[in-house]
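K.L.:
Next up is a structure, given as structure tokens.
The values are calculated or read from the model by the stated rules, or taken from the named source; none is laboratory data. Note that this is a predicted model, so its numbers are computed, not measured. Note that we place each Cβ from the backbone using ideal geometry, even for glycine, and neighbour counts take in every protein chain shown. Only protein heavy atoms, including side chains, enter the accessible area calculation; ligands, DNA and RNA are left aside. Shrake-Rupley method; radii C 1.70, N 1.55, O 1.52, S 1.80 Å.
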Amino acid sequence: MTTKQELRLKRFQTKGFEDARSISIYCTEGSLWVTAGNSLGDRVVYAGKEIHIIASGKVVVEALADSVSFVTVMADMPQSHAKTADNN
């Protein structure tokens, strides 16, 4: 399942993503500090820049300044909603 959302954060506000398999963050205003599990470490994303992450754990976004970004998250579909050969 893929979702795209606008994310507006005030300075020092955070947002976490736990179910992400991959995530893209495009910062349109401000700047963001992104921490992604064991794979990425910490990165800063400035206005006009984008980051793509193959997630291996929780991804946390913190605003270093009032920020607006667009976040696209590809998450694993919950097992109860996944299609199988038995319930097409």
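K.L.:
Consider the range 34-69. How many of its residues are without any contact (Cβ under 8 Å) to a residue 60 or more places away in the chain, of a type outside the set (Val, Ile, Thr) and within 13 Å of residue 17 (Cβ to Cβ)?
P.N.:
8
K.L.:
Let me ask something else about it. Failed condition for residue 4, given (1) open to solvent by less than 80 Å² (accessible area, probe 1.4 Å); (2) not in a loop (DSSP other than H, G, I, E, B), with all others met?
P.N.:
(1)
K.L.:
As an exercise: evaluate residue 30 against (1) under 15 Å from residue 75 (Cα atoms); (2) open to solvent by less than 90 Å² (accessible area, probe 1.4 Å) and give the number of the one condition it does not meet.
P.N.:
The one condition residue 30 does not meet is (1).
K.L.:
Here are some conditions: (1) assigned to a strand (DSSP E or B); (2) at pLDDT 90 or above. Residue 65 meets all but one. Which one does it not meet?
P.N.:
(1)
K.L.:
So, one more: Mind listing just one residue for me: the one in the range 43-59 that is among the hydrophobic types (A, V, I, L, M, F, W, C) and open to solvent by less than 50 Å² (accessible area, probe 1.4 Å) and, of those, modelled with the highest pLDDT?
P.N.:
45
K.L.:
I need the full set of residues from the range 14-27 which are surrounded by fewer than 16 Cβ atoms within 10 Å (Cβ to Cβ) and either over 14 Å from residue 3 (Cα atoms) or among the basic types (Lys, Arg) (or both), in order please.
P.N.:
Passing the criteria: 14, 16, 21.
K.L.:
Of the residues that sit in the range 5-39 and are acidic (Asp, Glu) and more than 14 Å from residue 58 (Cβ to Cβ), which one is farthest from the chain's Cα centre (by Cα)?
P.N.:
29
K.L.:
Here's something else I'd like to know. Quick check on the range 44-58. Is at least one of its residues more than 21 Å from residue 3 (Cβ to Cβ), part of a strand (DSSP E or B) and aliphatic (A, V, I, L, M)?
P.N.:
Checking the range 44-58: at least one residue is more than 21 Å from residue 3 (Cβ to Cβ), part of a strand (DSSP E or B) and aliphatic (A, V, I, L, M).
K.L.:
Name the residues in the range 7-43 that are of a type in the set (S, T, N, Q) and assigned to a loop (DSSP other than H, G, I, E, B), would you?
P.N.:
Residues satisfying the conditions are 13, 38, 39.
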